[in-house]
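Novice: Before I ask anything, here is the structure I am working with.
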Amino acid sequence: QVQLVESGGGLVQAGESLRLSCSVSGSTFSNNAIGWYRQAPGKQREVIAGISRGGITDYADSVKGRFTISRDSAKNTVYLQMTSLTPEDTAVYYCNGGGFGTGGYYSRNYWGQGTQVTVSS
């Protein structure tokens, strides 16, 4: 059974940091790259970061240099460290199971339930 569970969301002020966690079921973690998406109110869901099984990372331009994705194989967990947050980062953040190709990270349509991140100005 595919299972991804996000945690770590919350309310922070602009300029602060937050770390999201995604706990992934064993087979999903070992067989897939893992990515983070976000969806702001009234906007489409967008991919913001991905990490391959081998640790190759990919970031959207909007978060490059501020967000860091990492994976802990011992804990079957993927993290998203977010720094210098702005109100534009306010969204529901979703963990995703996918793959890596020549175009970077892509989704295989395995999703967590999402965690809300709100950044106040």
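The values are calculated or read from the model by the stated rules, or taken from the named source; none is laboratory data. The model shown is predicted, which means the values in this text are computed figures rather than measured ones. For neighbour counting, all protein chains shown are included, and Cβ atoms are generated from backbone atoms with ideal geometry for every residue, glycine included. Heavy atoms of the whole protein, side chains included, go into the accessibility calculation; ligands, DNA and RNA do not. Shrake-Rupley method; radii C 1.70, N 1.55, O 1.52, S 1.80 Å.
Novice: Give me the three principal axis extents of the chain from the C-alpha atoms, as integers in angstrom, largest value leading.
Specialist: 40, 27, 26
Novice: Considering only DSSP states other than H, G, I, E and B, which trypsin sites (Lys or Arg not before Pro) in the range 48-121 qualify as loop sites with at most 13 other Cβ atoms within 10 Å?
Specialist: 64, 75
Novice: Which three extents, in whole angstrom, do the alpha-carbon atoms of the range 69-121 cover along their principal axes, largest first?
Specialist: Sorted largest first, the three principal extents are 36, 27, 22 Å.
Novice: Oh, and also: Determine the order of 111, 36 by accessible area, beginning with the largest, at a probe radius of 1.4 Å.
Specialist: Working: 111 80, 36 0 Å².
If we order 111, 36 from most to least accessible, we get 111, 36.
Novice: Which residues' amide hydrogens lie under 5 Å from the amide hydrogen of residue 16, considering only partners 5 or more residues apart or on another chain, with H built in the peptide plane?
Specialist: 85
Novice: Under the rule of -39500 (n - 2.57) per DSSP H run of 4 or more residues, summed and divided by the residues of the chain, what mean residue ellipticity at 222 nm is obtained, to the nearest 500 deg cm²/dmol?
Specialist: -1000 deg cm²/dmol
Novice: Is there a quick way to get the dipole size of the chain? I mean about its Cα centre, with the Cβ of Lys and Arg at +1 and of Asp and Glu at -1; what is the value in debye to the nearest 20?
Specialist: Numbers: 10 positive and 8 negative charges, 49 e Å.
Once rounded to the nearest 20, the dipole reads 240 debye.
Novice: To the nearest Å, what is the center-to-center distance of the range 91-107 and the range 52-73, using C-alpha atoms only?
Specialist: 10 Å
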